[in-house]
Amino acid sequence: MNKGTTSRVQIDLLSDTATRPSPGMRMAMASAEVGDEQRGEDPTVNALCDRVAELLGKEAAVFLPSCTMCNQISIAVHCHPGDEVIMDALAHPIHFEAGGPSALGGVMIRCVEGLRGIFSADQVQASIRTQDRHAPRSALVWIEQTVNLTGGHCWQLNEIREVLEAARRSNLATHLDGARLFNAVVATNTSASEFSKDFDSVCIDLTKGLGAPVGAVLAGGISFINDAWRLKQRWGGAMRQAGIIAAAGLYALEHNIQQLQQDHENAALFAHIVASHPYVELSEDSVDTNIVILEITHTGFDARLCAQYLMAKYGIRIGTLGPRKIRVVTHLDISNEDTRLAAEAFLEFLSSLE
Ligand SMILES: *Cc1c(COP(=O)(O)O)cnc(C)c1O
């Protein structure tokens, strides 16, 4: 079952989840004050929740093992079984949460087809059901920031505001899946709370660009968080001396947010080096943050072969999205030099195509 190939990986561009805790982060973990988190007695977890609630402009927050659990809990709190959630067709819960919305929340998903994952208020409006005994009840509107599957694209504030207004006009709840919210914060020079404060709930992942080893935080109003806690307990997400991992999250929020700028520069550098190659379909301005997705037009190109070649020859790991697309994700453990090496190795592979 374990598909890991990590022993030979030198430059891991598969995902920003590849980061290892830095020495400073490990020190913070080792010296964390801890208590029983399930009883609300872990001071470090409490400090992390307070910090995130403040950063996101929310009353309260809850620490969870993963952003997937944040998302699933949000759906189950905001919706009744049989309700409908409006989200982009590329959204994370549809593709990577093992069927959770249906298995755990009992909800239906109403997909909208956004542009690079970004949809309009009109599309939301058109997807909201009229009240009718035959139809599911529209309950929740969902935004992902940044949009993972399109290549880390950022919603602008005004785009978010318009969608939230449309949701509110029909009394729908709203959730922001901010797994990479801080990438958008840094890329658009907008504060996290400006993005998040008007949502009913918002979550951030500590294990993506922020570089912590475990954990995510879900924030919202007090009554939402009380309901979320019940599900955390029910689904086995309540922990004990979790301060030891929360300390990594606090450290990340303090030290690793501005660092994301470097990841964005490296992603742009990779795009810049490969974009002019005739087989590469990529406009450099399509790279908003730390994810580069590019399509290769040459008919002899096989993304899997390319990934195998880079791994075998250089220890460079990249992702593939179907037969013609590759995905490169920069993060804390990828230097400028690593980025250059990877881009040049990729060009070398392209030059070997007939
Ligand atoms: C990674 C990711 C998640 C899930 O995060 P985990 O911590 O891996 O469970 C949710 N939403 C988005 C957009 C993500 O990229």
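Structure notes:
- Some residue of region 211-233 being open to solvent by 60 Å² or more (accessible area, probe 1.4 Å), more than 15 Å from the ligand (Cβ to nearest atom) and in a loop (DSSP other than H, G, I, E, B): no
- Selected residue (only one of Leu269, Leu231, Leu282, Leu210 is assigned by TED's automatic domain parsing to the domain that holds Glu41 and out of contact with any Phe, Trp or Tyr (no Cβ under 7 Å at 6 or more places or on another chain)): Leu231
- On inspection, Glu194 qualifies as more than 16 Å from the ligand (Cβ to nearest atom) and open to solvent by 10 Å² or more (accessible area, probe 1.4 Å).
- From the list Asp288, Asp263, the lone residue that is modelled with pLDDT of 95 or more, touching a Cys at 6+ places or on another chain (Cβ under 6 Å) and closer than 20 Å to Asn148 by Cβ is Asp288.
- Residues that are of a type in the set (D, E, K, R), open to solvent by 10 Å² or more (accessible area, probe 1.4 Å) and either in contact with a strand residue (DSSP E or B) (Cβ under 9 Å, 6 or more places away or on another chain) or modelled with pLDDT under 95 (or both), drawn from region 163-179: Arg168
- Any hit, region 61-69, residues being of a type in the set (Ser, Thr, Tyr), in a loop (DSSP other than H, G, I, E, B) and either in the same structural domain as Gln145 (by TED's automatic domain parsing) or open to solvent by less than 10 Å² (accessible area, probe 1.4 Å) (or both): yes
- Considering region 197-210, and only residues there that are in a loop (DSSP other than H, G, I, E, B) and either within 15 Å of the ligand (Cβ to nearest atom) or in contact (Cβ under 8 Å) with a residue 60 or more places away in the chain (or both), the residue that is nearest to the chain's Cα centre (by Cα) turns out to be Lys208.
- When Gly236 is tested against (1) touching a residue at least 60 places away in the same chain (Cβ under 8 Å); (2) assigned by TED's automatic domain parsing to the domain that holds Gly100; (3) not acidic (Asp, Glu), exactly one condition is not met: (1).
- Among residues of region 144-175 being within 13 Å of the ligand (Cβ to nearest atom) and in a helix (DSSP H, G or I), the one that is farthest from Ala89 (Cα to Cα) is Gly151.
The values are calculated or read from the model by the stated rules, or taken from the named source; none is laboratory data. All values reported here derive from a predicted model rather than from experimental measurement. Every residue, glycine as well, gets a Cβ built from its backbone with ideal geometry; the counts of neighbours run over all protein chains shown. Heavy atoms of the whole protein, side chains included, go into the accessibility calculation; ligands, DNA and RNA do not. Shrake-Rupley method; radii C 1.70, N 1.55, O 1.52, S 1.80 Å.
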